[in-house]
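What follows is a single structure, written as structure tokens, with notes after it.
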Amino acid sequence: MTAAVVSADGLAAAYGDTRIWEGASFDIAPGEFVGVLGPNGSGKSTLLRMLLGLLSPSAGSLRVFGQPPRRGNLDIGYVPQRRPIDPDLRLAGQEFVKLGVDGHRWGIGRPSQRADLARRVAEAVAAVGADGFASHGIGTLSGGELQRLMLAQAIVSEPRLLLLDEPLANLDVRNQIAVARLVAGLARTRDMAVLLIAHDVNPILPLLDRVAYVARGRVSIGRPDEVITSEHLSALYQTNVEVLTDSRGRVFVVGLEEEAAHPHEAYPHEAHPHDVAPSADPC
């Protein structure tokens, strides 16, 4: 059997004396696309912090590629919650992507290293469909274009695990669907496990292998048809949520508009890892 990318056993998270959640036990396989759902402030980003090595378990065990998580692991790609970009920023898209490999180093490297880096940047840009605007300054790009380049930066180190913290927030529906399909394609073609935090599950629902839900101090995981039900989601979010199926068999979730409208609300004790580049040790 293929070794799990992530293994958790009785995992618990806390900030100081404040327990966030506990009792999380699950494995995530290579190439698996997992959506992470839960109410605002439930501790979804805490799970990503632990996988990035920024927060140690308060109980239980967590293994990434068979080892305890560590900071600056190039086998993990990470896209944080988006922050506004200065429109006057002159950094070109390719240079932004390049930071995913050498953002933590000084110097220009040997010619062979520079050639290999250029190849990897070009491949990452092509993989996310960003060739047409990668030479533009990132401050001039649309939300969808910038999100593609952030994905390129996250995969340029050729990771085996990709962590995405609300990558669909603030995108229009067309770009949400496009980015969700892009992520699913990357998971399949690169055999890369993906954990994606989302508030609006509709753009990713047809693409998910499993859903992890974080609520009321617990983390559970299951197939979409097990988790995405009116009864289950209503209990999870403690509000009336309806799961509807249209005449073409497509499933839609209705009733989480308020959650999606405020996607960045954090648990009071939770510091989001905005500033952690996938290639850099955040110390």
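May I ask you to verify whether Leu151 is at pLDDT 90 or above, in contact with a Pro (Cβ under 9 Å, 6 or more places away or on another chain) and within 22 Å of Val173 (Cα to Cα)? Taking the combined requirement at face value, the residue satisfies it. Applying the criterion of being more than 15 Å from the chain's Cα centre (by Cα) and among the basic types (Lys, Arg) to the residues of the stretch 189-229, the residue that is nearest to Ala127 (Cα to Cα) is Arg190. Go through the residues of the stretch 61-70 one by one and say whether even a single one is within 23 Å of Ala14 (Cα to Cα), among the β-branched types (Val, Ile, Thr) and either in a loop (DSSP other than H, G, I, E, B) or touching a helix residue (DSSP H, G or I) at 6+ places or on another chain (Cβ under 7 Å) (or both). For the stretch 61-70, residues within 23 Å of Ala14 (Cα to Cα), among the β-branched types (Val, Ile, Thr) and either in a loop (DSSP other than H, G, I, E, B) or touching a helix residue (DSSP H, G or I) at 6+ places or on another chain (Cβ under 7 Å) (or both): present. Taking the residues in the stretch 212-254 that are part of a loop (DSSP other than H, G, I, E, B) and of a type in the set (S, T, N, Q) as candidates, determine which candidate is surrounded by the fewest Cβ atoms within 10 Å (Cβ to Cβ). The selected residue is Ser247. Each residue in the stretch 151-176 was checked for being touching a Leu at 6+ places or on another chain (Cβ under 9 Å) and either part of a helix (DSSP H, G or I) or under 12 Å from Phe96 (Cβ atoms) (or both), and 7 pass.
Kindly indicate whether any position in the stretch 15-22 is part of a strand (DSSP E or B), among the aromatic types (Phe, Trp, Tyr) and surrounded by 15 or more Cβ atoms within 10 Å (Cβ to Cβ).
Residues of the stretch 15-22 part of a strand (DSSP E or B): 15, 18-22.
Keeping just the survivors that are among the aromatic types (Phe, Trp, Tyr) gives 15, 21.
Subsequent filtering for residues that are surrounded by 15 or more Cβ atoms within 10 Å (Cβ to Cβ) retains 15, 21.
So far as the stretch 15-22 goes, yes, one or more of its residues are part of a strand (DSSP E or B), among the aromatic types (Phe, Trp, Tyr) and surrounded by 15 or more Cβ atoms within 10 Å (Cβ to Cβ).
Where residues in the stretch 127-144 are of a type in the set (A, V, I, L, M, F, W, C) and within 20 Å of the chain's Cα centre (by Cα), which of them is nearest to Leu91 (Cα to Cα)? So, considering only residues that are of a type in the set (A, V, I, L, M, F, W, C) and within 20 Å of the chain's Cα centre (by Cα), the one nearest to Leu91 (Cα to Cα) is Ala130. Taking Gly53 as the residue in question, decide whether it is assigned to a loop (DSSP other than H, G, I, E, B), out of contact with any strand residue (DSSP E or B) (no Cβ under 9 Å at 6 or more places or on another chain) and either within 30 Å of Thr229 (Cα to Cα) or not basic (Lys, Arg) (or both). For Gly53, the condition - assigned to a loop (DSSP other than H, G, I, E, B), out of contact with any strand residue (DSSP E or B) (no Cβ under 9 Å at 6 or more places or on another chain) and either within 30 Å of Thr229 (Cα to Cα) or not basic (Lys, Arg) (or both) - is not met.
Being among the aliphatic types (A, V, I, L, M), under 26 Å from Ala235 (Cα atoms) and either within 14 Å of the chain's Cα centre (by Cα) or surrounded by fewer than 19 Cβ atoms within 10 Å (Cβ to Cβ) (or both) is a property that does not hold for Ile177. When the stretch 123-150 is filtered for residues that are part of a loop (DSSP other than H, G, I, E, B) and small (Gly, Ala, Ser), the ones remaining, listed by number, are Gly129, Ala130, Gly132, Ala134, Ser135, Ser142.
How many residues are outside any strand (DSSP E or B), within 24 Å of Ser7 (Cα to Cα) and not small (Gly, Ala, Ser) if we restrict to the stretch 177-198? Matching residues across the stretch 177-198 total 7.
The values are calculated or read from the model by the stated rules, or taken from the named source; none is laboratory data. The structure displayed is predicted, hence computed values, not measured ones. Note that we place each Cβ from the backbone using ideal geometry, even for glycine, and neighbour counts take in every protein chain shown.
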